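Q: Dumping the structure here so I can ask a few things about it.
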Amino acid sequence: MRVLVTGGAGFIGSHFVRQLLTGAYPDLAGARTVVLDKLTYAGNRANLAPVAHDPRLEFVHGDICDAPLVARLTRGADLVVHFAAESHVDRSIEDASAFVRTNVLGTQTLLHAAAAAGVDRFVHVSTDEVYGSIEEGSWPEDHPLRPNSPYSASKASSDLLALAFHRTHGLDVRVTRCSNNYGPYQYPEKVIPLFTTNLIDGIPVPLYGDGGNSRDWLHVDDHCRGIALVAVKGRAGEVYNIGGGTELTNRELTDRLLELTGRDAGWVRPAADRAAHDRRYSVDIGKIRAELGYEPLVPFEEGLAETVRWYRDNRAWWEPLKAVGADARR
Ligand code: NAD
C-alpha cells in the first residue's frame, strides 16, 4: 500500500506519519508513505526526525499547487491523506491570499490529480470551524456551513470541493471535521504552545477579549486515530466530525496552563479581541461513534500535563521557531 500525506511536516500531519510508521494503525501497517510538504514557516523536517530513517518514508519538498508534481505523486497512491493548509486564523485576517491559494486552489489541484490517477481513497482533513459559531448544543455533520474567518471560509471551500469531487467524478472522498487539537510539535503561534513557552520563559500571555471564547480540545493522537479509522472504515462521500475532548473557555485553559507552569494570574495580559472571533465550537460526534466505534482516549488533564512537559523538555525544538518571529502571535 502507498499513502500520500500532504502537509506531513506540520503539527498534525507529522503526528499521523510518526504513528503510521510505528504501527499505531494496524490496518495501514507496512504502508510506504510519501510526504509532500512545502515547508512553509509551519512545516519542519524536525517533526519527522523520529521516523526519518525509516526506508518506507519518502519526503518530497513541494507545493500542492504544483499540478505536474501532484500528478506524479498521486499516480500509484492507494490513499491520500490531505493535511496541507495554511492554518492560522490570525494570519488569515492579516492577509488571506495564501489561504485561498493553498487551501482552495491546492486542494482542487490535488483532487483533480487524485481523480485522474484513480486513487482509491482520499481523506480530506477539514475543521469544525467551517460550521461557524454555536451558542448551545453541538453541530451534526449536516449542519449548514457558516464560516466566519478567511481561514475557515477557505477550509469550507476546500471541504465542499472535496465532496463535489465525490459526487461529480466518483472519487472516494471522506471528510473529517475536527475540533481544536493540542499536543507536541505544535507551532508556537497557537494558543497552547505559545502560552506554555511564554510562561516557561516568564513572558506574559495575551488573552483575547473577555477570555470567554470556548473550544473543545482534543489530543492530536485522538484526532489522527480518528482519521485513520475514517480512511480504513469510513464511507465514500461522507463527513465525520471528530472531537469529544474537553470544552473549556480560553480563561479556563489559561488557568490550567498557569497551574502547570507554576505561574500566577499576574502573567496574563488582556489583548484586543480577534475580529469576528467565534464564541463557541462544539461538534456532535455521534456519527463516528456509532458507525466506526470511535472514542477519544486521552484524558485532557493528563494530555495537557504531558504536553506542557514536552515543551519544557524540548526547548531546542521551539526556541528557534519563536526567535524567527512567532513572538506574540497565536
Ligand atoms: P500546520 O500549520 O502545523 O501544518 C500545515 C503543513 O502544511 C505545514 O507542514 C506546511 O508546510 C504545509 N503546507 C502549507 N502549505 C502547503 C502547500 N501549498 N503545499 C504543501 N504543503 C503545504 O497545521 P496543522 O495544525 O497540522 O493542521 C493540519 C490540517 O488539519 C489543516 O488542514 C487544518 O486545517 C486541519 N485542522 C487543524 C486543527 C488544529 O487544531 N490544528 C483542527 C482541525 C483541523
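Q: Take the alpha-carbon centre of segment 123-182, take the same for segment 1-72, and report the distance between them in whole Å.
A: About 23 Å separates the Cα centre of segment 123-182 from the one of segment 1-72.
Q: Checking the cross-link filter: which lysines have an alpha carbon closer than 19 Å to that of residue 155, excluding same-chain neighbours under 8 positions apart?
A: 38, 190
Q: Just to check I understand the Karplus step: with θ = phi - 60° and J = 6.51 cos²θ - 1.76 cosθ + 1.60, what whole-Hz values come out for segment 117-134, glycine and proline as x?
A: In residue order, the calculated couplings are 7, x, 4, 5, 9, 9, 9, 9, 8, 9, 9, 5, 5, 5, 6, x, 9, 10 Hz.
Q: Still on this structure, please answer the following. Could you list which residues have their amide H under 5 Å from that of residue 283, counting only those 5 or more apart in sequence or on another chain, with H placed in the peptide plane?
A: It is 139, 244, by chain and number.
Q: Just the ratio, please: alpha-carbon radius of gyration of segment 1-127 over 2.2 N^0.38 Å, N its number of residues.
A: Relative to the 2.2 N^0.38 Å estimate, segment 1-127 comes out at 1.00.
Q: Once phi is turned into θ = phi - 60°, what whole-Hz ³J(HN,Hα) does the Karplus curve with 6.51, -1.76 and 1.60 give for every residue of segment 159-167, x standing for Gly and Pro?
A: Running phi through 6.51 cos²θ - 1.76 cosθ + 1.60 with θ = phi - 60° gives 4, 6, 4, 4, 5, 5, 5, 5, 5 Hz.
Q: Once you have the alpha carbon radius of gyration of the chain, what is it after dividing by 2.2 N^0.38 Å, with N set to its residue count?
A: After normalising by residue count via 2.2 N^0.38 Å, the value is 0.94.
Q: Still on this structure: Roughly how many percent of the accessible protein surface of the chain is carbon and sulfur, given a 1.4 Å probe and a whole-percent answer?
A: Within the chain, the accessible surface is 51 percent carbon and sulfur.
Q: For segment 127-254, what are Rg and Dmax over the alpha carbons, in angstrom?
A: Cα only, segment 127-254: 16.4, 54 Å (Rg, Dmax).
Q: Cα to Cα, under 23 Å, and not fewer than 8 places away if on the same chain: which lysines meet these conditions relative to residue 233?
A: Filter leaves 287.
Q: What net charge is computed for the residues neighbouring residue 53, neighbours being all others with C-beta under 14 Å from the C-beta of residue 53, Lys and Arg scored +1, Asp and Glu -1?
A: Numbers: positive: 18, 45, 56; negative: 54, 58.
Net charge around residue 53: +1.
Q: For Cα pairs less than 8 Å apart in space and 6+ apart in sequence, what is the mean separation divided by the residue count of segment 217-330, i.e. the relative contact order in percent?
A: 39
Q: Counting residues in segment 215-258 as N, plug N into 2.2 N^0.38 Å and put the Cα Rg over that result.
A: Ratio of Cα Rg to 2.2 N^0.38 Å: 1.50.
Q: Another one. In a solvent-free Debye calculation with one equal scatterer on each Cα, what is log10 I(q)/I(0) for segment 1-48 at q = 0.31 Å⁻¹, listed in the order of the q values?
A: Results for segment 1-48 at q = 0.31 Å⁻¹ read -1.14.
Q: Report the calculated FRET efficiency for residue 120 and residue 49 (r = Cβ-Cβ distance, R0 = 41 Å), to the nearest 0.05. Don't jump to the answer; show the numbers that get you there.
A: Working: r = 30 Å, r/R0 = 0.73.
That gives a FRET efficiency of 0.85.
Q: Something else about it: Using amide H atoms built in the peptide plane, which far-off residues or other-chain residues are under 5 Å from residue 207 H to H?
A: So residue 207 has HN proximity to 269, 271.
Q: Further, regarding this structure: From the phi of every residue in segment 179-194, what ³J(HN,Hα) in whole Hz does the Karplus formula 6.51 cos²θ - 1.76 cosθ + 1.60 yield, where θ is phi - 60° and glycine or proline is x?
A: For segment 179-194, the Karplus-derived couplings read 7, 5, 9, 9, x, x, 6, 8, 4, x, 9, 7, 4, 5, x, 5 Hz, x marking Gly and Pro.
Q: Also, quick follow-up: Relative contact order for the chain: what is it in percent, counting Cα pairs under 8 Å that are at least 6 residues apart?
A: On the way: 658 pairs, mean separation 59.5, N = 330.
RCO, the chain: 18 percent.
The values are calculated or read from the model by the stated rules, or taken from the named source; none is laboratory data. Quick caveat, the model's predicted, so the values are computed rather than measured. For neighbour counting, all protein chains shown are included, and Cβ atoms are generated from backbone atoms with ideal geometry for every residue, glycine included. Side chains are part of the model used for accessible areas, which takes the heavy atoms of the whole protein and leaves out ligands, DNA and RNA. Shrake-Rupley method; radii C 1.70, N 1.55, O 1.52, S 1.80 Å.
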